[in-house]
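Below: the structure, in structure tokens.
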Amino acid sequence: MPMPGHEIEAAILAALPGAVVELTDLAGDDDHWAAKVTAPQFAGKSRVQQHKMVYAAFGDKMGGELHALQVTTVVPK
């Protein structure tokens, strides 16, 4: 069963309090998502580290309940 957008946003916000999450359902099927995540926790981290922080929010759901997530990370100005 696909993961709905509100659950994706909630997981990211739980892992990165204060983040701003913008979601796009890429295929209209709740199974292929793009997330733009702006979070102060990304400051000083490499892009790879930032992405790992987002993916860590999903644990074992990534690749299962959440099939595909395209991530863009931004450090707030």
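The values are calculated or read from the model by the stated rules, or taken from the named source; none is laboratory data. Small disclaimer: the values here were computed from a predicted structure and weren't measured. We place every Cβ from the backbone using ideal geometry, glycine too, and count neighbours over all the protein chains shown. Surface areas here come from the heavy atoms of the whole protein model, side chains and all, with no ligands, DNA or RNA. Shrake-Rupley method; radii C 1.70, N 1.55, O 1.52, S 1.80 Å.
For residue 73, the residues whose modelled amide H falls within less than 5 Å of its own, excluding neighbours fewer than 5 places apart on the same chain, are 37. To the nearest ten degrees, helix 5-15 and the longest principal axis of the Cα atoms of the chain are 30 degrees apart. So what's the back-of-envelope 222 nm ellipticity for the chain, counting only DSSP H runs of four-plus at -39500 (n - 2.57) apiece and dividing by all residues, rounded to 500? About -8000 deg cm²/dmol. Share of the chain's accessible area from carbon and sulfur, percent, 1.4 Å? Reported share for carbon and sulfur atoms: 56 percent.
Of the trypsin sites (Lys or Arg not before Pro) found in the stretch 2-54, the ones in coil according to DSSP and having at most 15 other Cβ atoms within 10 Å of their Cβ are 45. Provide the net charge surrounding residue 3, with neighbours chosen by a C-beta distance below 9 Å and charges set as Lys +1, Arg +1, Asp -1, Glu -1. Net local charge, residue 3 excluded: -3.
Seen against the Cα atoms of the chain and their longest principal axis, helix 47-56 is set at about 50 degrees.
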